[in-house]
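The values are calculated or read from the model by the stated rules, or taken from the named source; none is laboratory data. Source: prediction; values computed, not measured. Don't worry about glycine lacking a Cβ; one is built from the backbone with ideal geometry, like all the others, and counts go over all protein chains shown. When the accessible area is computed, the model is the full protein with side chains, heavy atoms only, and any ligands, DNA or RNA have been set aside. Shrake-Rupley method; radii C 1.70, N 1.55, O 1.52, S 1.80 Å.
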Amino acid sequence: MGTGGIALRSFLYKSFGLVLVGVLLLPVGWWGPSVAEATPTVEHSPPVADTVLATGSVDKTIGTYGFEQGNSEGWKPRGAYTQIASVSEAAYGGVHSLKVTARTEVWNGAELDVKSLLQPGVEYEISGYVKLDGNSTTPSLIKFTMEQQPTGGATTWKTVAQTEKMDTSWDKLQGKYTFTGGMDTLKLYVESSNPAQGYYLDEVEIRQVSETPTEPTGGIVSSFEDGTAQGWVTRMGTETVQVSNVDARTGSYSLLTTGRQQTYAGPKLDVTATVQKGSRYTVSAWVKLAPGEQPTKVRLSVQRDHQGESAYETVVGDTAITVGGWTHLTGTYTFAHDADNVSMYLETSEGTASFYVDDFELSLVPPLAIEKDIPSLHGLYQGQFSIGTAIEAFQTEGAYGELLQKHFNSVVAGNAMKPISLQPSEGQFHWEEADQIVQFAQQHGIAIRFHTLVWHNQTGDWMFKDKNGQPMTPTAENKKLLLDRLETHIRAVAARYKNVITDWDVVNEVIDPDQPDGMRRSKWYQITGTDYIDKAFRVTREAAGPNARLFINDYNTHEPKKRDFLYHLVRDLLAKGVPIDGVGHQSHIRLEFPAIDEIEQSIEKFASLGLDNQITELDMGLYSNDTDRYETIPEAMLIQQAHRYRMLFDMFSRQREHISNVTIWGTDDGNTWLSTFPIARLDKPLLFDERLKAKYAYWALVDPSKVPPLPAGNNE
């Protein structure tokens, strides 16, 4: 696998360690193609006893609004001129309804503040009846919309339900809603696409349809108000970390770090006793530069120590801080692997400025749960191609394991089978996590793709050192040594998995279209030329057996120049008898490019060689460049993403004779490498959100009628 993306170069990621995701000023939720990772009740009617529907669900009335008392029951006008009133001239139930008039904007209407009603992590069903106050010559799209402003974030608007009307009959609006994390604002309102049209509203009901999450157990809050450092210490031992009453975001105290001599020096907190493997946490901290310091960037990182080795991951990426005010850093991470010690620390991207930290908080995210009553994704494409996803070992358990069993009939290891994961030092193989994935797949009848035997990234440095321990130079002796090591690695891996894995990414990312011959100048190429590719395929065929299907995998295969270099390489290798069965197209695409017909042309070109094609690392980033950053993703982008996913899978179906597998690079938006690459930012590239709920992108494949039309001006 690799970094892929559109016009993105390969990138070396740190693996193992924590599965981490970091974002700035977001209540957001791991890993990329190359990395493991790093959200009061008021009753308006007599309370109804909880009704248990199924494991993990309830049915409880939170509020009803029939307007039978002759007042608005807490609803308010939305818009400068909007008027609302309880009237008896029309009603769906009883004799009253709420009439909304004098609207001048689409978003004008009746609104209800539900912040005190709703709880994070709980699913609600919201319903009500609407009626136009007169016939309309054009359709009016009427919506239940939720205005939501996360704590420390920007306001967004989420459609809960919608209906299209032209006459004066009553129609029901009904939809599900849930949110995660703290909210400063939650307002439910009714809007209409016709700003001049009045409407009636009646029999609104809000019901809780999932269990209230259990109170998180375990967590850390550091406010420093007891005058101590509360477990925070110096990371390098040369800097000074102490409580200060000179400045504080809240209260009277904060933590001041001075005397830093390296960018990675700073305050550190041991969280080993708090974090538990497989759990996801939110992390929040406020940072401010000490007086006299020049503006710089700070980041929040994690160090994981295991069996004498350390791994480092960024939770919240480089964030600008100044002396002028406190800056909020917030993100989430999933603790995914074994560790002897885990610590969180703050560092700067450059310089050694002194800075304050205050109001640090680490808290457990409520347990995840899948939607069990929706169609299976892989079942939709039965007989066409298998549907896979990339996972880490921890995702074989709990809700993630349930998601895999329901929606995917193929899996690939995101990191656990890469060279450095399996053989970090010569002769020392680590099979535990790879075995866990294989065992899970076998138990549940799920196929396994292997990723990857040969790659220029995430391969132990020892592989490219000569017999004296020095970096290899291009000599005949070193070429033989390197090819011998390659063969040893492949034979060991194939011996272990040949009876359970049939599809193998043998070599990964060998093409560089900027080179005259199109070959990447990796250490493999510098020492052996293209002989390592020939050797890898021939040894894998011999070691994995005649039924193994062997793939050459790369990114940006839609680009004509790169596609043609890869085509000519594969054609020449086949002419020499090298056993290649197919091409893997990573397909890290974006919302606006590449064109789907470019992807299709590439599939057809390699199919002309008699080769199979697999889509090996599919995701769809929402950004068109490497610098933009949204604090919340506009719903219009998620709708556009859904329509593009539909067009993409329609093309895959057309090419079903040439495609045997489509693998999505990650299970959910809470576990995506795009949260940290090319910069730390919120991205939602997959079919399920960070709570494992189906997105518009999923419904575009399953039931397109549940996806709103494309936003105006989008012709895709």
Legend entry - Table column - 3J(HN,Hα) (Hz), the stretch 289-306, Karplus curve with 6.51, -1.76, 1.60, x for Gly and Pro: 5, 6, x, x, 7, 7, x, 8, 10, 10, 9, 9, 10, 10, 10, 10, 10, 8
Inset, instruction - Among (i) 27.9, 88; (ii) 25.2, 84; (iii) 28.0, 94, find the value of Rg and Dmax of the Cα atoms in Å that was calculated from the structure presented, and write down its label. - result: (iii)
Legend entry - Charged-residue dipole, Cβ positions (Lys, Arg, Asp, Glu), the stretch 69-114 about Cα centre, Debye nearest 20: 80
Legend entry - Residue-count net charge about LEU362 - beta-carbon cut-off 14 Å; Lys, Arg +1, Asp, Glu -1: -1
Inset, instruction - Calculate one ³J(HN,Hα) per residue across the stretch 402-411 by plugging θ = phi - 60° into the Karplus curve 6.51 cos²θ - 1.76 cosθ + 1.60, and present them in order as whole Hz with x for glycine and proline. - result: 5, 4, 4, 5, 6, 10, 10, 10, 8, 9
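Provide the gained length on full extension for the span LYS467 to THR322, in nm with one decimal, where the gain is 0.36 nm per separating residue minus the Cα-Cα distance. Show your work: numbers first, answer last.
On the way: separation 145, 0.36 × 145 = 52.20 nm, distance 5.09 nm.
Taking LYS467 through THR322 to full extension adds about 47.1 nm, to one decimal.
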Legend entry - Contour minus Cα-Cα distance for ASN625 and GLN162 (0.36 nm per residue): 163.4 nm
Inset, instruction - Considering the options SER608, ILE596, ILE527, tell which one lies farthest towards the positive end of the dipole of the stretch 517-647, charges being +1 on Lys and Arg and -1 on Asp and Glu at the Cβ, about the Cα centre. - result: ILE527
Legend entry - Mean separation of Cα contacts under 8 Å, 6 or more apart, over the residue count of the stretch 224-335: relative contact order %: 24
Inset, instruction - Excluding GLU426 itself, calculate the net charge of residues whose Cβ lies under 10 Å from the Cβ of GLU426, where each Lys or Arg counts +1 and each Asp or Glu counts -1. - result: +2
Legend entry - Assigned charges on the beta-carbon of Lys, Arg, Asp, Glu; the chain dipole about Cα centre (debye): 1340
Legend entry - Positive-end extreme of charge dipole, the chain - chosen from PRO579, ALA248, ILE126 (charges on Cβ): PRO579
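Rounded to the nearest percent, how much of the accessible area of the chain (1.4 Å probe, protein heavy atoms only) is carbon and sulfur?
Working: 13120 of 27640 Å².
Roughly 47 percent, rounded to a whole number.
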Inset, instruction - Evaluate E = 1/(1 + (r/R0)^6) for THR258 and ALA495, where r is the Cβ-Cβ distance and R0 equals 56 Å; express this FRET efficiency to the nearest 0.05. - result: 0.50
Inset, instruction - Give the percent of DSSP beta bridges with both residues in the chain that are antiparallel, rounded to the nearest 5. - result: 75
Legend entry - Cβ-based net charge around ASP564, under 11 Å, with every Lys or Arg adding one and every Asp or Glu removing one: +4
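Within 10 Å of each candidate Cβ there may be at most 14 other Cβ atoms; applying that plus a DSSP loop requirement, which GluC sites (Glu not before Pro) in the stretch 325-387 survive?
On the way: sites: GLU347, GLU350, GLU361, GLU371; in loops: GLU350, GLU371.
Listed in order of number, the matching sites are GLU350.
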Inset, instruction - Hey, can you grab everything whose amide H is under 5 Å from the amide H of ILE511? Only 5+ residues off in sequence or another chain; H modelled, so Pro and N-termini drop out. - result: ARG520
Inset, instruction - Report the one residue of THR330, VAL95, MET620 whose Cα lies farthest in the direction of the positive end of the charge dipole of the chain (charges on C-beta: Lys and Arg +1, Asp and Glu -1; origin at the Cα centre). - result: MET620
